[in-house]
Amino acid sequence: MLKFVKRHRRAIAVGSVAGVVVAGAIRVHAIMRHANDMLSEAERRVEGQRRRQQHLERLGHESHEALLTFLTALEKELKAATDDIPALYKEIKQIRQTMAANRGEPDEAAAERERCLWEKLKVASFTTLLVSFYSFNLLHLVLKLQIHMLGRQNFASKSSSAPEVTGTEILSMEARGEFFSMTYNFMLGQGLRELVAHVTPQVAHVLREHTVRSRLDAGSLTSVLRQIRSRVEGDSPNASASPLLRFVICQQTAATDVRVQGMLDETWDTVESPAFLAALGDALDKSLEVLSAQLKATLFTEPLDTAVSSSSAATPPMKPLVNLLAHLKPHRTVLHVDNGRVVHADAVTSMPSVSTFATAVFDQVD
C-alpha cells in the first residue's frame, strides 16, 4: 500500500487539489446564486416601495381634486341649511330707510326689530362660519379616507399575481357611485342640517357677552371662536365621545352591493378609531390657526403706508363686531379656493397625524 502511494503520489496530489477546487467552485456558485437572489429580492422591494410611494402621491392629488368637486356642493347646501344672511341685511336696510323717511318720529317697535335682526345676523354669521369649519374638515378627512381605501384596492389588484383573490377587485363606476353617494348624501344633507342645529345654540350662548357694538381685536375674535369650539366639541377627555361623528355616520340604509357595504362598514369603523379622531383633532386645530390668520390679515392688519404713533402701534387694532360680520363668509375663509388650492386643505394635509393616518389606511391588510 505504501509503495502504491509513493508510486502514484503526484496523481493523488493533483486529484486532491482538483477536488478541493471543484468543491470550492460549487460553494462559490451557491454563494453567488444566494447573493443574486437576495439582490433581486431587494430590487423588487425597492421597486415595490417606489410604486407604493407614487401611488400614495397620486392618491393625495385625487383626494384634493375630489375635495374641490365637493366644495361647490358643500357651499350650496350650507346656504340652504343656514339662515338667509342677505335677507337679514336687506330687512335691516328697509327698516333704516323707513325710519329715515319718518324723520323726527321715533319708532320704538322698528328700533327693537332692528336690534333683534342684528342679534340674529350676529349668530347666523358665526354659525355659518363654524359649520363651514366643521363640515369642511370632516368632508376633507372622510374623502381622504375613502380615496385611500379605493386606492388600496386598485394597488392590490395590480400587484396581485392572483386577481381572483377576494378583496383586490376594483369597484365598478356604478359601485363607486353608490359608495360615495351613501356617504355624502348624508354628510351634505341630514348630517349638515343636524350640525347646524347643534352649533347654533352654542354660538348664541358664547355671543351673549358680545353685542354688535362690542369691540374686538384679533386675539379676542380667536378667543370667541375657541370658546364656541369648546362648547360644540365638548370637554370630555374620552376621545371616542366626540359629538362630531354623528354628523358623518349614517348606518340606517344598506348598500345594494355587498362590497360597497363592506367598504362603508370599514369607513364607519375607521371614523370611530382613535387614529381618525387624533387626525381630526389636529386638523381642527390647524384649520382654526389658519382661519385666525386669515381674519387677522383681512380685518386687523393696517396698511403699510398708514402712519401710526408708537403708542397706538403697541395697541392691537380693535373693530366693532358689526363691522366683522360681513367678513366671516365661508367662501372668503374656510372654503376659499385660490388657483385650485385650498389653504386649509394644504395646511391640514401637511400634519403628521393626517398623513400617517392616510398612509395607514392604504397599507391596511384585510
Consider only pairs whose beta carbons are under 7 Å apart and that are at least six residues apart or on different chains; among these, list those whose first residue lies in region 182-208 and is under 11 Å from Ala124 (Cα atoms) and whose second residue is outside any helix (DSSP H, G or I). Val196/Thr82
Scanning region 203-216 for residues that are closer than 15 Å to Pro317 by Cα and in contact with a Lys or Arg (Cβ under 8 Å, 6 or more places away or on another chain), which turns out most open to solvent (accessible area, probe 1.4 Å)? Arg215
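Would you mind stating whether Phe126 is touching a residue at least 24 places away in the same chain (Cβ under 8 Å) and under 28 Å from His327 (Cα atoms)?
yes
With the condition kept exactly as written, say whether any residue in region 227-245 is open to solvent by less than 10 Å² (accessible area, probe 1.4 Å), in contact with a helix residue (DSSP H, G or I) (Cβ under 7 Å, 6 or more places away or on another chain) and within 20 Å of Lys329 (Cβ to Cβ).
To start, the set of residues in region 227-245 that are open to solvent by less than 10 Å² (accessible area, probe 1.4 Å) comprises 228, 232, 244.
When the remaining residues are screened for being in contact with a helix residue (DSSP H, G or I) (Cβ under 7 Å, 6 or more places away or on another chain), the result is 228, 232, 244.
With within 20 Å of Lys329 (Cβ to Cβ) added as a condition, the list becomes 228, 232.
Scanning region 227-245 turns up at least one residue that is open to solvent by less than 10 Å² (accessible area, probe 1.4 Å), in contact with a helix residue (DSSP H, G or I) (Cβ under 7 Å, 6 or more places away or on another chain) and within 20 Å of Lys329 (Cβ to Cβ).
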Could you say which residue among Glu105, Glu112 is modelled with pLDDT under 90, more than 28 Å from Ile249 (Cα to Cα) and acidic (Asp, Glu)? Glu105
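Residues that are within 30 Å of Leu150 (Cα to Cα) and in contact with a Ser or Thr (Cβ under 7 Å, 6 or more places away or on another chain): does region 187-206 have at least one? Step through it out loud before you land on a result.
Step one: list which residues in region 187-206 are within 30 Å of Leu150 (Cα to Cα), which gives 187-195.
Then drop every residue that is not in contact with a Ser or Thr (Cβ under 7 Å, 6 or more places away or on another chain), which leaves 192, 195.
Yes, because at least one residue in region 187-206 is within 30 Å of Leu150 (Cα to Cα) and in contact with a Ser or Thr (Cβ under 7 Å, 6 or more places away or on another chain).
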List every residue pair whose Cβ atoms lie under 8 Å apart, where the two residues are 6 or more positions apart in sequence or sit on different chains, the first residue falls within region 268-284 and is free of Cβ contacts under 8 Å to residues at least 40 places away in the same chain and within 15 Å of Phe247 (Cα to Cα), and the second residue, located anywhere, is open to solvent by less than 30 Å² (accessible area, probe 1.4 Å) and in a helix (DSSP H, G or I). Glu272/Leu245
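Could you please give the count of residues in region 224-242 that are in a helix (DSSP H, G or I) and at pLDDT below 90?
Narrowing region 224-242 to residues in a helix (DSSP H, G or I): 224-233, 239-241.
Filter once more, keeping what is at pLDDT below 90: 239-241.
So the count comes out to 3.
Any residue at all in region 52-75 that's more than 30 Å from Phe133 (Cβ to Cβ), open to solvent by 80 Å² or more (accessible area, probe 1.4 Å), at pLDDT below 90 and among the basic types (Lys, Arg)? First the steps, then the outcome.
Here is the first cut: in region 52-75, the ones more than 30 Å from Phe133 (Cβ to Cβ) are 52-55.
Then keep just the ones that are open to solvent by 80 Å² or more (accessible area, probe 1.4 Å); that gives 53-54.
So of that shortlist, the ones also at pLDDT below 90 come out as 53-54.
Okay, now just the ones that are also among the basic types (Lys, Arg), so none.
So far as region 52-75 goes, no, none of its residues is more than 30 Å from Phe133 (Cβ to Cβ), open to solvent by 80 Å² or more (accessible area, probe 1.4 Å), at pLDDT below 90 and among the basic types (Lys, Arg).
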Just give me the residues in region 281-290 being of a type in the set (A, V, I, L, M, F, W, C), touching a helix residue (DSSP H, G or I) at 6+ places or on another chain (Cβ under 6 Å) and open to solvent by less than 20 Å² (accessible area, probe 1.4 Å), in sequence order. Ala283, Leu284
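On the basis of being in contact with a Lys or Arg (Cβ under 9 Å, 6 or more places away or on another chain), assigned to a helix (DSSP H, G or I) and more than 20 Å from Leu288 (Cα to Cα), does Val322 make the cut? Step through it out loud before you land on a result.
On the way: in contact with a Lys or Arg (Cβ under 9 Å, 6 or more places away or on another chain): yes; assigned to a helix (DSSP H, G or I): yes; more than 20 Å from Leu288 (Cα to Cα): yes.
For Val322, the condition - in contact with a Lys or Arg (Cβ under 9 Å, 6 or more places away or on another chain), assigned to a helix (DSSP H, G or I) and more than 20 Å from Leu288 (Cα to Cα) - is met.
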Output for Cβ contacts, cut-off 7 Å, separation at least six or different chains, first residue at positive phi in region 240-261, second assigned to a helix (DSSP H, G or I) and modelled with pLDDT of 90 or more, reads none
Any residue in region 336-343 that is modelled with pLDDT of 95 or more, among the aliphatic types (A, V, I, L, M) and in a helix (DSSP H, G or I)? yes
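Do we find that Thr306 is open to solvent by 80 Å² or more (accessible area, probe 1.4 Å) and modelled with pLDDT under 90 in this structure? Lay out the reasoning, then the answer.
Details: open to solvent by 80 Å² or more (accessible area, probe 1.4 Å): no; modelled with pLDDT under 90: yes.
It is false that Thr306 is open to solvent by 80 Å² or more (accessible area, probe 1.4 Å) and modelled with pLDDT under 90.
Can you go through Thr315, Thr298 and tell me which one is at pLDDT below 95, surrounded by 12 or more Cβ atoms within 10 Å (Cβ to Cβ) and hydroxyl-bearing (Ser, Thr, Tyr)?
Working: Thr315 fails: surrounded by 12 or more Cβ atoms within 10 Å (Cβ to Cβ).
Of the residues listed, the single one that is at pLDDT below 95, surrounded by 12 or more Cβ atoms within 10 Å (Cβ to Cβ) and hydroxyl-bearing (Ser, Thr, Tyr) is Thr298.
The values are calculated or read from the model by the stated rules, or taken from the named source; none is laboratory data. Everything numeric in this text was worked out from a predicted model, so none of it was measured. Neighbour counts run over all protein chains shown; Cβ positions are idealised from the backbone, glycine included. Accessible surface is based on the protein model in full, side chains and every heavy atom, while ligands, DNA and RNA are left aside. Shrake-Rupley method; radii C 1.70, N 1.55, O 1.52, S 1.80 Å.
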